[in-house]
Amino acid sequence: MEWIQEFTAAKEDRKKMLVRKSDWHGHKARVGDSIPLMPIGQAADMGLDKKGIPLIDPRLFDSYEFARNPHPYFKIMRDHYPVYHDQLHNVYYITRYEDCRRCANDDLGFNTIPKGRASTVLGNAQLELSGIEHRRRRGLYDRYLVGQALKKRQHAIESLAREMISDWNKSDASGIESKNGIRKVELGSAFCNEFPVRVVSGVLGLPKEAQNQFLYWYQSMMAGFGGSATAKLGLQARQDLEDYVASIVESRRENPTFLYDEKGDEAGEDIISMLCRTRIDNDFLSTEEITSTIALLVGGGGDTTRGAIMNMWYLVLLHPEQLAALKENSDLWTAAFQETLRFAVPAGASQPKHTTFDIEVSGTIIPAGSLVLIMNHSANRDERFFSSAEKFNIFREDLHMGKMLRNGVDKNGQKSHLGFGIGSHFCPGAHISQQEAIVCSKILLDHFKTPELDSERTLKDIDGITPAPIGELAISELWLKYPI
């Protein structure tokens, strides 16, 4: 909720007016008071109105219960408050699939949000751009992240995955424990935290000796969203990254470098070399345009892919019958990835917008200039379109499992997940993220043979027995074990 706080902080007077009127669960607030946090457990019973409809306490969105598992509350909102006005944060939540799809595709009625911390740490973040500038920036890298461009890079991704797995045999390998013929692996620290970033550095054509420094810059940039102290670290990391990339850009303008396939043949130029010879309106891109684009690719691609791989493996390990099917048919990893993005969005679970004029959604008038959250992770579990939406099922027939769709529906009317967003702000790295996740998962399963969750180290739900649900964010740690 941090970026919401940034937005509302700029409108402190309006926030105080809301606080003055507040009386949530008997709390009489005065001007300048802070709203007390919802006590743990209280979200389980927020009461009913006179018609027996469950109430929503706006403090819910800052509560432990919501962060742990927001989906029971999203169901209440979809059923009773499809457009919920949270007066505490002064934001409108849009929760049903068709409403989310329509609003995200409506660039006239719903514009991008005011610039926040993302634009400082990552530059002009893609979510905060619109119109001509958005299309210009997006056009810089779209062509290099789809289709044949991805196929040419598959060998490099496969080689990296195998190389990282082979490193598990080293005595100082992080997140690895081997004893009595059993190896235990924490998939995050042993693989997922670094793999996507190293893929990006590879397709950029960065020297191998620079990869550790590159990883540090990425981690610092991600930490830059955590608060004022880490924001400084993120800003410095972005500046250092851009300075480094700028020096490479000048070299690549004269001497482009190439990637190679498994036969040693050229598979095309790296992305930096491609950007160096890209023209828009007959002008070559400036060094600043290239470096800021690279910073965005680094910051936007790593964490989403890491979370997708972690979530996917957690879910298939929780469903042994589906894991068994993946062993028999590796082509099912595509369905597993799509279902993971429906069931548990790894990052960017909501698309922030503001309305450009008064607009009606599901019978609610949202005033012009309102802050709106398009809740993709709620839409993905809308029972109106997905049967047994609360169940993870890679065999489901009501989810589009083919090529990812920018508008959310195929020609036959079948719906896709909204895990990578939708509309003009559909994640530009969605296809390479899917490629990375599927390629590495096939190789990981081939290595593991018979993996299981390490039940002793698996995070438990509040009952102390059941594995914890995936909450607002991707899981951060995943221990599994397998015989060696």
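Rounded to the nearest 0.05, what FRET efficiency do Ala368 and Ala67 have when you use their Cβ-Cβ distance and R0 = 30 Å?
E between Ala368 and Ala67, to the nearest 0.05, is 0.45.
By count of other Cβ within 10 Å, fewest leading, how are Ser350, Ser63 ordered?
Least crowded to most crowded, the residues run Ser63, Ser350.
Write down Rg/Rh for the stretch 278-340, rounded to two decimals, with Rg from the C-alpha atoms and Rh from the Kirkwood relation over Cα pairs.
1.30
Which FRET efficiency value, to the nearest 0.05, do you get for Ser189 and Glu360 by plugging their Cβ-Cβ distance into 1/(1 + (r/R0)^6) with R0 = 45 Å?
0.40
Tabulate in residue order the Karplus-calculated ³J(HN,Hα) for the stretch 332-338, using 6.51 cos²θ - 1.76 cosθ + 1.60 with θ = phi - 60°, rounded to whole Hz; enter x for Gly and Pro.
Result, rounded to whole Hz: 5, 4, 5, 5, 4, 5, 4.
What list of ³J(HN,Hα) couplings, whole Hz, do you get for the stretch 310-315 from phi and the Karplus terms 6.51, -1.76, 1.60, once you set θ to phi - 60° and write x for glycine and proline?
The phi angles translate into 4, 4, 4, 5, 4, 5 Hz.
Quick check: residue separation of Lys411 and Glu288 times 0.36 nm, minus the Cα distance between them. What number comes out in nm?
40.3 nm
Taking θ = phi - 60°, what integer Hz values does the Karplus form 6.51 cos²θ - 1.76 cosθ + 1.60 yield along the stretch 429-438, in sequence order, with x for Gly and Pro?
Going residue by residue, I get x, 4, 6, 6, 4, 4, 4, 4, 5, 6 Hz, with x marking Gly and Pro.
Taking the Cβ of Ser166 as the center, what net charge do the other residues with Cβ under 15 Å away carry, scoring Lys and Arg +1 and Asp and Glu -1?
-2
Could you give the nm distance between label points at Ile53 and Asp281, where each point is 7 Å from its Cα heading toward the beta carbon?
5.0 nm
Can you give me the Kirkwood hydrodynamic radius for the stretch 341-441, using every pair of distinct Cα atoms, in Å to one decimal?
That comes to 15.0 Å for the stretch 341-441.
About the Cα centre, and with charges only on the beta carbon of Lys, Arg (+1) and Asp, Glu (-1), how big is the dipole of the stretch 69-483? Nearest 20 debye, please.
About 280 debye.
Calculated FRET efficiency, His447 and Lys208, Cβ-Cβ r, R0 22 Å, to nearest 0.05?
According to the calculation, E is roughly 0.45.
What whole number of Å gives the distance from the Cα centroid of the stretch 359-380 to the Cα centroid of the stretch 161-208?
If you average the Cα positions of each part, the centres end up 42 Å apart.
What distance in nm separates the simple spin-label points at Asn111 and Glu328, each placed 7 Å from Cα in the Cβ direction?
In this crude label model, Asn111 to Glu328 measures out at 5.5 nm.
Could you sort 408-414, 158-164, 73-79 so that the peptide with the highest average Cβ count within 10 Å comes first and the rest follow in order?
Descending mean neighbour count gives 73-79, 158-164, 408-414.
Taking +1 at the Cβ of each Lys and Arg and -1 at the Cβ of each Asp and Glu, which of Ser388, Ser362, Leu405 sits farthest along the dipole of the stretch 280-432 towards its positive end, judged by Cα position relative to the Cα centre?
Ranked along the dipole, the leading option is Ser388.
Glu163 to Ser251: extension gain in nm, 0.36 nm per residue of separation minus the Cα-Cα distance?
Extra length from Glu163 to Ser251 when fully extended: 28.8 nm.
In a shell of Cβ-Cβ distance under 12 Å around Arg198, excluding Arg198 itself, what net charge do Lys and Arg (+1) and Asp and Glu (-1) give?
Overall, the nearby charge balance is -2.
What does the stretch 69-483 give for Rg and for Dmax, in Å, if only its C-alpha atoms count?
When restricted to Cα atoms, the stretch 69-483 yields Rg and Dmax of 21.5, 66 Å.
Filter the trypsin sites (Lys or Arg not before Pro) in the stretch 291-398 to those in DSSP coil with at most 16 other Cβ atoms within 10 Å of their Cβ, and list the result.
The qualifying sites are Arg384, Lys391.
Bear in mind that the values in this text are calculations on the coordinates, not laboratory data. Keep in mind that what you see is a predicted model, and the values were worked out from it rather than measured. Counting neighbours? That spans all protein chains shown, and the Cβs are built from the backbone with ideal geometry, glycine included.
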